[in-house]
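Single-structure report; data block below.
The values are calculated or read from the model by the stated rules, or taken from the named source; none is laboratory data. Only a predicted model underlies this, so the values are computations on that prediction, with no experimental measurement involved. FYI the Cβ positions are ideal-geometry reconstructions off the backbone, even for glycines, and counts take in every protein chain you see.
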Amino acid sequence: MLNQIKVGAKAPDFTLPDTNLKLRSLRDFSSQNVVIAFFVSAFTSVCTKEMCNFRDSMARLIDLKAQIIGISVNDPFSNKAFAEKNKLVFPILSDYNREVIKLYGIEASDFADIKGYTVAKRSIFVVDKNGIVRYAWTTDNPAIEPAYHAIEEILRKIG
């Protein structure tokens, strides 16, 4: 993880398609704090649980002036089916070229023992209104979920 984006760094901007093939950039959300949730793969049990947890926390996160963005390497069509099935009400973006996971330094190789198949490590980055990373968490174990209370706590601190 030598290249992983660190707390205090400027969050790299990116442009990715959402589930409706609309291009969305990090800068589109610059008027608010952003929680970028990189997840391993649509329709996997832990990723479904994680994204649904964010969905169920939306009222609190909106009160904290935060926007959630989910990102996976799945194609936009798979992400759309995943978002619809789970009634996800925040943008799910497709990093199908794996450019953003490389940019953020969170690429995991040989996922599910498939040589050459890369995905995002489960990671959370909280970016403030000025584009500065205020919280960064990554795990090499795809079965581990983030500490949701820690995300909310940092959002309370940065207002």
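Checking the range 70-80 against the condition returns a match, with at least one residue being modelled with pLDDT of 95 or more and surrounded by fewer than 17 Cβ atoms within 10 Å (Cβ to Cβ). Being assigned to a loop (DSSP other than H, G, I, E, B), at pLDDT below 95 and acidic (Asp, Glu) is the filter here; which residues of the range 108-159 pass it? Passing the criteria: 110, 140, 145. If you go through the range 108-132 and keep only what is within 13 Å of the chain's Cα centre (by Cα) and of a type in the set (A, V, I, L, M, F, W, C), you end up with 119, 120, 124, 125, 126, 127. Here the helices (runs of 4 or more DSSP H) wholly within the range 28-107 that include at least 3 residues being within 11 Å of the chain's Cα centre (by Cα) are 45-56.
When 106, 92 are checked against the criterion of being buried (at least 21 other Cβ atoms within 10 Å of the Cβ), touching a residue at least 24 places away in the same chain (Cβ under 8 Å) and more than 15 Å from residue 35 (Cα to Cα), 106 stands alone in meeting it. The set of residues from the range 65-81 being touching a strand residue (DSSP E or B) at 6+ places or on another chain (Cβ under 7 Å) and not basic (Lys, Arg) comprises 66, 67, 68, 69, 70, 71, 72, 73, 74, 75, 76, 79. Considering only residues in the range 133-159 that are surrounded by fewer than 17 Cβ atoms within 10 Å (Cβ to Cβ), among the hydrophobic types (A, V, I, L, M, F, W, C) and over 15 Å from the mean Cα position of the chain (by Cα), the one that is nearest to residue 59 (Cα to Cα) turns out to be 150. Being surrounded by fewer than 23 Cβ atoms within 10 Å (Cβ to Cβ) and of a type in the set (Phe, Trp, Tyr) is a description that applies to residue 117.
Considering 21, 26, 61, the condition of being over 24 Å from residue 111 (Cα atoms), in contact with a Pro (Cβ under 6 Å, 6 or more places away or on another chain) and touching a residue at least 40 places away in the same chain (Cβ under 8 Å) is satisfied by 21 alone. Applying the criterion of being touching a Lys or Arg at 6+ places or on another chain (Cβ under 9 Å) and modelled with pLDDT of 90 or more to the residues of the range 1-13, the residue that is farthest from residue 105 (Cα to Cα) is 8.
Go through the range 2-27 and give me each residue that's small (Gly, Ala, Ser) and either on the phi > 0 side of the Ramachandran plot or not in a strand (DSSP E or B) (or both). Within the range 2-27, 8, 9, 11 qualify. Remark: pairs (first residue in the range 136-159, within 18 Å of residue 41 (Cβ to Cβ); second residue among the polar types (S, T, N, Q); Cβ separation under 6 Å; 6+ apart in sequence or on different chains) = 138/123.
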